[in-house]
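Bear in mind these aren't lab numbers, they're just calculated from the coordinates by the rules spelled out. This is a predicted model, so every value here is computed, not measured. In this analysis, Cβ positions are derived from the backbone assuming ideal geometry, glycine residues included, and neighbour counts consider all displayed protein chains.
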Amino acid sequence: MNRRVVIVFGSLFALITLTGFMQSWSIALSLLTVGLISSVIALGLNIQWGYAGLFNAGVMAFSAIGAIACVLVSMPWVTDAMLAGLASLQTDADKNQQAIDLLQQDIGRRLEAERHLAWAWVIGCATALLAIIVNRSLKVLVTPRSRRLLVTAVLGVGLVIFRASFDPATAVIESTGFGDNSKYLGGLGLPIIIAWIAGGALAALTAWVIGRIALGLRSDYLAIATLGISEIVIALLKNENWLTRGTLNVTGLPSPVPTAKMLQDPPYLFSISSSLIVNSVLFISIIAVFLLLFLWLAHRALHSPWGRMMRAIRDNEETANAMGKDIVMRHRQVFILGCFVLGVGGAMLATHVLQFEPGSYHPLRYTFLVWVMVIVGGSGNNLGSIAGGILIWFVWIQAEPAAAWVFQLVGDGFFLEGSPVRDLLEMRAPQMRTLLMGVILLLVLRFAPRGILPETLQHK
């Protein structure tokens, strides 16, 4: 480990420690928690950009996919909650029989809707499989135009049948439920760590589909495709209420560690402040384990023959292609690996806030922020991505209160109470985040274009 790495991470540790002394340790640990999660996401982007030069403009889409997979795997099935509610009503003799009858009716409707929904997805998968079979089996027998017409007809008929079963089922699911997280499908109730892995797997599967379409074209088409898929994914998450509750949000996501409220109850009996600190330390420890695992695997891959080949492709695709390397396949590999890490990071982020908020995923805003993390940290350097993730998130959160403090000092020193200029300065404090990110990016590109921890190449 060189001196620059020690200085950078020592400075980051000093910033977090100073925040703990000057503000509170809860704030400092919260900054560190999200900073480490941001580092996971930045590491995923660095695997794509730093290793292979792939421009992914849909970082938040893959993070959101990881988050929704976290919901679908870890949250309890809503029907089970409804059955539990029915059992509690039936054991209470004071409850109105009409309420029991209504809940029984809702449970029956929902179970029927879930069966129709399952059949709809079976029909959808069968339609896609049949279209593939028709396309491949008729290559020699019919003309390309006729084959395309047949495939279109199969997909069209399948879509009509799919929607005929899918739409009524989702309408019933969105109208029935039990408890705060009602009126959506629910999940499988599995441990949250499994949900994190499932989030990465679903993001990787989505990356495989996009890669099959876009990675065979010029590199800029990948940016267009990922930006487009990002907007589509966010729109689906906001509008498919049966799956995500839309803008109502899914609350009460399980945590891999005891929550602060749980730590305040017997037999723990922690104070409010102590429970927040203990919860944060435990959660940080789990994130750190995942981050160190990803870092170790990424380091091993980067310094293997595969990693050297990827850097060769990144630096000169024409030469690598002339040497017999399958450029498209290697790009697809690294794109899928990076999206897996992005999906896990998105699942971690949803778990940290204990809810899934589709409206909080702003593709352009936060994708820009992750790119700044990678550029400032050092593209191609995994430790640089981690340092950039922690640093940029720290600056992003602290920029607004710091700007408000500075503007208040300026207003008190130069302007009277109620002055329009003073009011304008106070209103502009939130905008300092984006301005400061732009300034940092410009300074880094001017004076340290390879980042604060630049990529180091070992020549043997």
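Of the residues G378, P258, A235, the one whose Cα sits farthest towards the positive end of the charge dipole of the chain is G378 (charges of +1 on Lys and Arg Cβ, -1 on Asp and Glu Cβ, taken about the Cα centre). Placing +1 on each Lys and Arg Cβ and -1 on each Asp and Glu Cβ, with no other charges, gives the chain a dipole about its Cα centre of roughly 2040 debye. Karplus-based coupling profile of the stretch 70-76, in residue order and whole Hz: 4, 5, 5, 9, 8, 6, x, with θ = phi - 60° in 6.51 cos²θ - 1.76 cosθ + 1.60 and x standing for Gly or Pro. Computing FRET efficiency as 1/(1 + (r/R0)^6) for A448 and K139, where r is the C-beta to C-beta distance and R0 is 45 Å, gives about 0.25. Dipole orientation for the chain: of the candidates I133, T226, S74, I133 has the Cα lying most toward the positive pole (charges on Cβ; Lys, Arg +1; Asp, Glu -1). Each principal axis of the Cα cloud of the stretch 156-280 was taken in turn, and the coordinate range along them, longest first, works out to 59, 41, 23 Å. Each part reduced to its alpha carbon centroid, the stretch 137-162 and the stretch 30-48 end up 44 Å apart. Using C-alpha pairs below 8 Å separated by at least 6 residues, the relative contact order for the chain is 30 percent. Note on the stretch 1-79: Rg/Rh from C-alpha atoms, Kirkwood Rh, equals 1.12. Computed from the C-beta positions of R4 and V353 and an R0 of 30 Å, the FRET efficiency is 0.35 to the nearest 0.05. Quick check on the stretch 8-52: take the gyration tensor over C-alpha atoms, sort the square-rooted eigenvalues as a ≥ b ≥ c, and tell me if it's rounded (a/c under 1.5), prolate or oblate. Since a/c reaches 1.5 but b/c is at least a/b, the shape of the stretch 8-52 is classed as oblate. Shown here are the Rg and Dmax of the Cα trace of the stretch 130-184, at 18.5, 57 Å.
With q set to 0.17, 0.19, 0.23, 0.24 Å⁻¹, the log10 of I(q)/I(0) for the stretch 320-389, from the Debye formula over equal scatterers at the Cα positions, is -0.83, -0.96, -1.15, -1.17. Both radii are taken from the alpha-carbon atoms of the stretch 188-256; with Rh as the Kirkwood radius, Rg/Rh is 1.07. Rounded to the nearest 20, the Cβ-based charge dipole of the stretch 1-119 about its Cα centre (Lys and Arg +1, Asp and Glu -1) stands at 780 debye. What the Cα atoms of the stretch 30-132 give is an Rg and a Dmax of 22.5, 67 Å.
Pairs of Cα atoms in the chain fall into 10 Å distance bins, from 0 up to the last occupied one, in shares of 4, 16, 25, 24, 17, 10, 4, 1, 0 percent. If the segment from S11 to I132 were pulled out straight at 0.36 nm per residue, it would be longer than the present Cα-Cα gap by 38.0 nm.
Estimated translational diffusion coefficient (Stokes-Einstein, Kirkwood radius over Cα pairs, 4 °C, 1.567 mPa s) of the stretch 74-207: 72 µm² per second.
Applying the Karplus relation 6.51 cos²θ - 1.76 cosθ + 1.60 with θ = phi - 60° to the stretch 126-133 yields 3J(HN,Hα) values of 5, 5, 4, 5, 5, 5, 5, 5 Hz, where x marks Gly and Pro.
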